[in-house]
Each structure stands twice: as C-alpha cells, then as structure tokens.
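This report refers to the structure that appears directly beneath it.
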Amino acid sequence: FDAQNVEVKGKNEALSGWQYYFDNDRDADGKERGMMYESENLHVLATTEGRTGNALHMKREKADGELVMYSYAFDVTPDQNYVIGAFVKSICAQTAENKVYFKIKEQDARGNIVGDEFAVLHSVDGRRDDWTETTFSYKTSVSAETLILKICAEGVGDFYVDDITVKSSNAAINTVKFG
C-alpha cells in the first residue's frame, strides 16, 4: 500500500485542508436557510481529544439539514483501486438515523465531476463510544485526476473522525455481494 494521510489539525478550531457547508438547515423560526457556512444547530470543530491527537468534531443539535465536510482535492491514479479508512466515534442515541457517512467527488483533468458525487459509499450507524475503525473500497475511473473526500454526519449528537487514510491497493474491488 502507498498511504496518503488526509490531515485534520486542531488549532483555534481551524481545519487544515478541509472545508465545510451546511445545507437546508432551519433557523429558530423553522425556515430553511439553503446552503450556509454558519448554523445555530450544526457545528464543525477540531478537537485535540482525538484517537491519536487532533480529530474532526461534527456537532449536531437538531436533525435538520445536511452537514458536509470535504477535503481539498488530492491527486490520484486513474483506474486504480483505493482503500479509504478512518476511525469514528459517535456520542449519540443508538439509532440508525445517527450516522457518519462517506462520499467521494472524483474529478478529471479539467475539473469536471466524474460519477455521482452524492452517492453514499459507506456509513457507520448509531452510537460508538470507542474509536471504531472503518474502511471501504473505491476504484477511480480511467479519467480520474483528483478526489475530494466528503464526510457527513446525520442525526443528533457529537460525531468524531480521526486518522483518515487513502491507500492505493493492488487488490480488486469486490462488486459481487453475497448474503
């Protein structure tokens, strides 16, 4: 594996190499606010209380709206298998509505989006009192130039993500599901 770390640095709650937005959050009167970068109900923080240092902290006080963290674009190899991993901790009620999920925005050399950037590729549902390792596979297209990793939180609670890695893999991705 060739590892590439996607860092979260916690200093004055600044996230190095990451951006975020809130979509369809509601204000105190219940009115939808559209896409915003500030919210009364959704918060993006960095904490020094991570698994191995600093960690991403997404706080949701209400279930309204979508909270999306996304990395800066990083270079990838076209037609390559990748394993994306992270450690997740969720302090919330043990329900399927409370979750951390992952999406990928793939771009070609001209910056055009390749594939479905809104598809949920992996999720960690419910309460996780301890750091839980999670991984999923992704294969880039033949025109892939860069990827943007999206991490979202849904429900109500405190959601933490740490030690995010993107590793190239020689193993094929299993497209046949048994069960």
Checklist entry - Does K89 fit the bill of being modelled with pLDDT of 95 or more and basic (K, R)? => result yes
Checklist entry - Of all residues in the range 22-35, which are surrounded by 15 or more Cβ atoms within 10 Å (Cβ to Cβ), touching a Phe, Trp or Tyr at 6+ places or on another chain (Cβ under 9 Å) and more than 18 Å from D158 (Cα to Cα)? => result R33
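From the list T52, T47, which one is open to solvent by less than 60 Å² (accessible area, probe 1.4 Å), polar (S, T, N, Q) and touching a residue at least 12 places away in the same chain (Cβ under 8 Å)? Lay out the reasoning, then the answer.
Details: T52 fails: open to solvent by less than 60 Å² (accessible area, probe 1.4 Å).
Being open to solvent by less than 60 Å² (accessible area, probe 1.4 Å), polar (S, T, N, Q) and touching a residue at least 12 places away in the same chain (Cβ under 8 Å) holds for just one of T52, T47, which is T47.
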Checklist entry - How many residues are closer than 19 Å to T146 by Cβ, in contact with a strand residue (DSSP E or B) (Cβ under 7 Å, 6 or more places away or on another chain) and basic (K, R) when one looks only at the range 81-116? => result 2
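Quick check: anything in the range 56-66 under 20 Å from D130 (Cα atoms), at pLDDT below 85 and surrounded by 13 or more Cβ atoms within 10 Å (Cβ to Cβ)? Steps first, please.
At the first step, the residues of the range 56-66 found to be under 20 Å from D130 (Cα atoms) are 56-60.
Next cut, at pLDDT below 85 only: none.
Scanning the range 56-66, I find no residue that is under 20 Å from D130 (Cα atoms), at pLDDT below 85 and surrounded by 13 or more Cβ atoms within 10 Å (Cβ to Cβ), so the answer is no.
Of the residues E106, E97, only one is charged (D, E, K, R) and either under 13 Å from the mean Cα position of the chain (by Cα) or surrounded by 14 or more Cβ atoms within 10 Å (Cβ to Cβ) (or both); which? Explain how you work it out, then say what you get.
Working: E97 fails: either under 13 Å from the mean Cα position of the chain (by Cα) or surrounded by 14 or more Cβ atoms within 10 Å (Cβ to Cβ) (or both).
Result: E106 is the single residue among E106, E97 that is charged (D, E, K, R) and either under 13 Å from the mean Cα position of the chain (by Cα) or surrounded by 14 or more Cβ atoms within 10 Å (Cβ to Cβ) (or both).
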Checklist entry - (1) of a type outside the set (A, V, I, L, M); (2) modelled with pLDDT of 95 or more; (3) more than 18 Å from R60 (Cβ to Cβ); (4) within 17 Å of the chain's Cα centre (by Cα): which one isn't true of F118, the others all being true? => result (2)
Checklist outcome for this item: Output for Cβ contacts, cut-off 9 Å, separation at least six or different chains, first residue free of Cβ contacts under 8 Å to residues at least 60 places away in the same chain and closer than 19 Å to K103 by Cβ in the range 114-139, second among the hydroxyl-bearing types (S, T, Y) and assigned to a loop (DSSP other than H, G, I, E, B), reads V114/T140; V114/S141; V114/S143; G115/S141; D125/T95
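The values are calculated or read from the model by the stated rules, or taken from the named source; none is laboratory data. Being a predicted model, the structure only gives us computed values, none of them experimental. Cβ coordinates were reconstructed from backbone atoms using ideal geometry, including for glycine residues, and neighbour counts include every protein chain displayed. These area figures cover heavy atoms from the full protein model, side chains too; ligands, DNA and RNA do not enter into them. Shrake-Rupley method; radii C 1.70, N 1.55, O 1.52, S 1.80 Å.
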